[in-house]
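Written out below as structure tokens is the structure these notes cover.
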Amino acid sequence: MGFDGRFAYVVGRVRALENRMIDQARFNRMIDAEGPEELARILSETEYSLARDLGPERYEDVIDGELARVHALIESISPDPVLTGVFRARHDFHNMKALLKAKLARRDAGHAVEEGSGVTSLGGLDLARLGAAADMLVAAGDEAQMSLGAEALDADRAAWQRPEDLEGAVARAGRRAVEAYEAHGHDPQYIDLVLDRESFDYFYQVARSRRADFLMGLVRTMADLTNILICMRLRLIGKSADFARDVLLPRGSVDRDALLAVYGEPDDAFWSFFKHTSYDRPVDQALRARRDSGSLSAFENVIQAHLARAAAEGGMIDMGYEPVLAYLMAREDEADRLRRIFVGKLNRLPAEIVRERLCGTHA
Amino acid sequence: MEGFLGTILGFLGVALAIITPGIGSSIGVGLVGRSGAGVVTEDPDKFGSILLLEAIPGTQGIYGFLTGLMIMIKIGALGGGLRALTVGQGAQLMMSAMPIALVGWISAIAQGRVAAAGVGIVAKRPEEMGKAVILAAMVETYAVLALLASLLLVFSVNV
Amino acid sequence: MEIRVSPTRMELLRLKKRHAMAVRGHKLLKDKLDELMKQFLELVRRDRDLREQIDAKLGEAFRGFLIARGAMSAAAVDAALMYPKETVSLKAGQRHIMNVAVPSLEWTFEHEGDATNIYPYGFAYTSTELDTAIRLLSEAMPGLVELAEVEKAVELLGDEIEKTRRRVNALEYVLIPSLERSIKYITMKLDEAERGNLTRLMKVKEIVRERGA
């Protein structure tokens, strides 16, 4: 889909909105700000006007408020909100995760987790409905778990014809997560693992149903790069290849079985696996960054910078969903940088450390 | 009967020359217009530049209309003295309209896309508007060439 | 202290016994105090070492958390750590230092031996920094439990030392001097009575001699 005139209006609007994003000069001013109050003041000069009223302490609300506003705006003017807002779905998958874990922690471990903690307002789905779905899943996990099986599979097949049914996709993913949780002896980690995998599957299904080549490529790259990070972390923690099989994300272009086959090898042998993939360069740079700085976050930052670049390529395409997608991802990225600066400033970290933590991702 | 068919072919030429570039131009202008509306929503000051860009894909429609007008004059459709054309003359006139009919149609859409992308330039860097206009205007070359060819052909037909 | 004792020999005998006992008790208590002090100082030293270690470790862990908090939203961190995978069972017992009951804590990870099992979250949307922070916290755990144990022991021993010192002081500066004073008073009274008797006897003797003469 090289050119899609349906997106003319939203692309034009996005091009104008891109101007108002925080540029490097302003980021620098923020990093060098005297304290949180000045930071909030600088921020309130931008689109984040809430910063003036809420102040630096409630920076999460400021950032989330702005992101939610942008998502809602694009959704209202996009001819295909499912496609342009596909990555917003990750917040919905996250909410399902938080809701399920809170309910299961209360049911099985006796932890009194506060209602609604860990839930974000950034998702597109109604939280009350998600909560009700999670309630049902947790209740079903007790007795009716078996009966859900066969009939649900049919529902799955029918549902994939219609990927815009995000609610259905999240609920289904939630059910699989609860099943995995029960199957692994009430292991909460499996809720995260299953929902993470399902979220990538959802991205893929949306891309497939729209024949959206750019998105498809982006999802593959995201899955691959995230898998590289996952391998690095799991190998460091000391997890087995069997466990890694449950963690690695689907829909990447790198063959998972081949990757798992070399998973147990020593560092050099393992990383040379990527020489034969298209991730030769990022892996190489990341390894060098890690060697030079001795910190894992350096590795992570390099990989994430590559991801941001892959997403930004959407902005190069003149007309279609791609620039919109790229804009939304850039806004999420911007929010991420702001969060880092706020955390740094509120805790009185020196400007160099804040810059180091930031510039790694956005050199 | 003979003269009747020739005249119909001549009219067909007029219709083609006006219809297809017109369609192309309206698609092109519409595209730029929608894209421009997005920018103007956020930034009303840019209306002037956007309007200029929007007008560029509109020229093909004018070229088509011009060619059509020339054929009309040729066959005397203006002023009431409609001439009877032979089939050969009618077909010649119709074929003369083809360059602008096809090139005008396609190039207007292509130009619309370039201009819509140019809207992005104007949104980001208003000072670079000239470049956006030049990029879009490059497509114009081929519409102008087609117009020239069509007009020369029309004039060359002996009626 | 006022002395209200009847100056009798019986009383004197009783007081002397009490005094001897008080002196012995004082010596014993003093020995106990010395030993307590020794134990106490050892614990305090251990406490200080532990505290330094823990402070360093926790400081590092919190810095890790801080950076993880920057890399992830509050909601993401909350959800990641909402349902911990690892459970620690803690058994509280008692042990005695110089007859002072101090707590002894025993603890075990439920998934004993698998140090890779402390990360209760998924890896696709979390940051490496979180792994580091969790690992550091988990490493600080044994030290934290021991620190709790030692701090409580120090507190209890401190109480005991204070109590013992109060007793030693009470014996040394109150009871023993007052007993000594009482003994002295009775002895004096008895001596005086003795002298009175003697004088009376001499007087009687003189009168008898005068009569006889």
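Where in chain A is the longest stretch that carries no GluC sites (Glu not before Pro) classed as loop by DSSP and with at most 16 other Cβ atoms within 10 Å?
Values: sites that count: A:GLU34, A:GLU45, A:GLU114, A:GLU115, A:GLU143, A:GLU164.
Free of exposed loop sites, the longest segment is A:165-363.
List the accessible area buried at the contact between A and B, summed over both sides and calculated with a 1.4 Å probe, in Å² to the nearest 100. List each step's numbers first, then the result.
Numbers: alone 17300 and 8070 Å², together 24030 Å².
Using a 1.4 Å probe, the pair buries roughly 1300 Å².
Would you mind working out the magnitude of the charge dipole of chain C relative to its Cα centre, with +1 at each Lys and Arg C-beta and -1 at each Asp and Glu C-beta, to the nearest 20 Debye?
Working: 36 positive and 34 negative charges, 564 e Å.
Rounded to the nearest 20 debye, it is 2700 debye.
In a shell of Cβ-Cβ distance under 12 Å around B:VAL133, excluding B:VAL133 itself, what net charge do Lys and Arg (+1) and Asp and Glu (-1) give?
Values: positive: B:LYS131; negative: B:GLU54, B:GLU128, B:GLU140.
After counting each charged neighbour, the total is -2.
Pop out the ³J(HN,Hα) list for the stretch C:40-53 in order, Karplus 6.51 cos²θ - 1.76 cosθ + 1.60 with θ = phi - 60°, rounded to Hz; leave Gly and Pro as x.
With the stated coefficients, the stretch C:40-53 comes to 4, 5, 4, 4, 4, 5, 4, 4, 5, 4, 4, 4, 4, 4 Hz.
Can you give the average number of partner chain beta-carbon atoms within 10 Å of each beta-carbon in peptide C:153-160, as a whole number? Can you show the working numbers first?
Working: counts 0, 0, 0, 0, 0, 0, 0, 0.
Across C:153-160, the average partner-chain Cβ count within 10 Å equals 0.
What's the total accessible area buried between chains C and A, using a 1.4 Å probe, rounded to the nearest 100 Å²?
On the way: alone 14950 and 17300 Å², together 28960 Å².
Answer for the C-A pair: about 3300 Å² buried.
Helix hunt in chain B: which complete DSSP H runs extend at least 18 Å axially by C-alpha with mean Kyte-Doolittle at least -1.0?
Values: long enough: B:2-42 (61 Å, 1.26); B:59-75 (24 Å, 1.23); B:87-124 (55 Å, 1.13); B:129-156 (40 Å, 1.93).
Answer set is B:2-42, B:59-75, B:87-124, B:129-156.
Can you run phi through the Karplus equation (6.51, -1.76, 1.60; θ = phi - 60°) for the stretch A:14-23 and list ³J(HN,Hα) in whole Hz, with x for Gly and Pro?
5, 4, 5, 5, 4, 4, 8, 5, 6, 8
So for the protein assembly as shown, taking the charge dipole from beta-carbon charges (+1 Lys/Arg, -1 Asp/Glu), which of B:ALA84, A:GLY314, C:VAL100 sits furthest toward the positive end?
C:VAL100
Average partner chain C-beta neighbours within 10 Å, per residue of A:62-68? All intermediate terms of the calculation are to be shown ahead of the outcome.
Details: counts 0, 2, 3, 0, 0, 1, 0.
Partner-chain Cβ atoms within 10 Å, mean over residues of A:62-68: 1.
Could you report chain A's accessible area per residue, 1.4 Å probe, as an integer in Å²?
On the way: 15060 Å² over 363 residues.
Each residue of chain A exposes 41 Å² on average to a 1.4 Å probe.
Using the Cα gyration tensor of chain A, with a ≥ b ≥ c the square roots of its eigenvalues, what is the shape: rounded (a/c below 1.5), prolate (a/b larger than b/c) or oblate (neither)?
Details: a/c = 1.32, a/b = 1.20, b/c = 1.10.
Because its axes are fairly even, with a/c under 1.5, chain A counts as rounded.
Going by average Cβ neighbours within 10 Å, how do the peptides B:5-12, C:29-36 rank, with the highest at the top?
Per-residue Cβ counts within 10 Å, averaged per peptide and sorted highest first, yield B:5-12, C:29-36.
Sorted by accessible area (1.4 Å probe), largest first, how do C:TYR173, A:TYR202 line up?
Numbers: C:TYR173 150, A:TYR202 5 Å².
In descending accessible area the options line up as C:TYR173, A:TYR202.
Express the relative contact order of chain C as a whole percentage, based on alpha carbon pairs under 8 Å and six or more residues apart in sequence. Before the final figure, lay out the partial values.
On the way: 177 pairs, mean separation 76.9, N = 213.
So the answer I get is 36 percent.
Under 13 Å from the Cβ of B:ASP43, count the other residues' Cβ atoms, weight Lys and Arg +1, Asp and Glu -1, and hand me the total. Write down the numbers at each step before the final one.
Values: positive: A:ARG13, A:ARG15, A:ARG20, B:LYS46, B:LYS124, B:ARG125; negative: A:GLU18, B:GLU42, B:ASP45.
Here the charged neighbours net out to +3.
Below 8 Å, C-alpha to C-alpha, sequence gap of six or more: please give me the relative contact order for chain B in percent.
Working: 286 pairs, mean separation 58.3, N = 159.
Rounded, it is 37 percent for chain B.
Going by average Cβ density within 10 Å per residue, which order do the peptides B:21-31, B:74-84, B:109-119, A:125-135 take, highest to lowest? List each step's numbers first, then the result.
Numbers: B:21-31: 23.5, B:74-84: 14.1, B:109-119: 26.9, A:125-135: 16.2.
Highest to lowest by the protection proxy: B:109-119, B:21-31, A:125-135, B:74-84.
Hey, what's chain C come to in accessible area per residue, 1.4 Å probe, Å²? Provide the component values of the computation, followed by the final result.
Details: 13230 Å² over 213 residues.
Spelled out: the 1.4 Å probe surface of chain C, per residue, equals 62 Å².
Please compute the alpha carbon radius of gyration of the protein assembly as shown, then divide it by the globular-protein estimate 2.2 N^0.38 Å. Two decimals is fine.
Details: Rg = 44.3 Å, N = 735, 2.2 N^0.38 = 27.0 Å.
Working it through for the protein assembly as shown, the quotient is 1.64.
For chain C, find the longest principal axis of its Cα atoms and tell me its angle to the long axis of helix C:176-212, 0 to 90°, nearest 10.
0
I'd like the carbon and sulfur percentage of the solvent accessible area for chain A, probe radius 1.4 Å, heavy atoms only, ligands and nucleic acids excluded. If you can, show how the numbers build up before the last one.
Values: 7480 of 15060 Å².
With neighbouring chains kept in place, the figure for chain A is 50 percent.
Could you pull out the pairs from A:LYS239/C:LYS91; C:LYS57/C:LYS91; A:LYS103/A:LYS239; C:LYS163/C:LYS189; C:LYS57/C:LYS163 whose alpha carbons sit more than 32 Å apart here? Could you put the intermediate results ahead of the total?
On the way: A:LYS239/C:LYS91 29 Å; C:LYS57/C:LYS91 24 Å; A:LYS103/A:LYS239 28 Å; C:LYS163/C:LYS189 37 Å; C:LYS57/C:LYS163 36 Å.
The pairs that break the limit, which is 32 Å between Cα atoms, are C:LYS163/C:LYS189; C:LYS57/C:LYS163.
Would you pull out the residues with amide H under 5 Å of A:MET319's amide H, same chain only if 5 or more places away, H placed 1.01 Å from N?
A:ASP4
Of A:LEU104, A:LEU307, A:LEU17, which is the most mobile in a GNM of chain A whose springs link Cα atoms less than 10 angstrom apart?
Top of the fluctuation ranking is A:LEU17.
Pull up all non-local amide H partners of C:LEU105: gap of 5 or more, or a different chain, and H-to-H distance under 5 Å with H placed in the peptide plane.
Amide H neighbours of C:LEU105, under 5 Å, 5+ apart: C:GLY93.
So what is the calculated 222 nm ellipticity per residue for chain A, using -39500 (n - 2.57) for each DSSP H run with n of 4 or more, over all residues, to the nearest 500 deg cm²/dmol? Walk me through the intermediate numbers first.
Details: 19 runs with 251 residues, N = 363.
My calculation for chain A gives -22000 deg cm²/dmol from helical runs alone.
Hey, got the average number of other protein chain Cβ atoms within 10 angstrom for residues in B:113-121?
Values: counts 6, 1, 0, 9, 7, 1, 7, 10, 1.
Across B:113-121, the average partner-chain Cβ count within 10 Å equals 5.
Could you check how much of the accessible area of the stretch C:9-207 is carbon and sulfur, as a whole percent, using a 1.4 Å probe? Let's see the in-between values first.
Values: 6660 of 11720 Å².
C and S fraction of accessible area: 57 percent.
Given Cβ point charges of +1 (Lys, Arg) and -1 (Asp, Glu) and nothing else, what value in debye, to the nearest 20, does the dipole of the protein assembly as shown about its Cα centre take? Numbers along the way, then the final one.
On the way: 92 positive and 102 negative charges, 666 e Å.
Approximately 3200 debye in magnitude.
Give the aspartates and glutamates whose C-alpha is closer than 20 Å to that of C:LYS32, dropping any in the same chain fewer than 8 places away, or say none.
C:GLU42, C:GLU155, C:ASP159, C:GLU160, C:GLU162, C:GLU172
The values are calculated or read from the model by the stated rules, or taken from the named source; none is laboratory data. Note that the structure is a prediction, hence the values are computed from the model and not measured. Neighbour counts are summed over all protein chains in view; Cβ atoms, including those assigned to glycine, are modelled from backbone coordinates with ideal geometry. The area values use the complete protein model at the heavy-atom level, side chains included, leaving out ligands, DNA and RNA. Shrake-Rupley method; radii C 1.70, N 1.55, O 1.52, S 1.80 Å.
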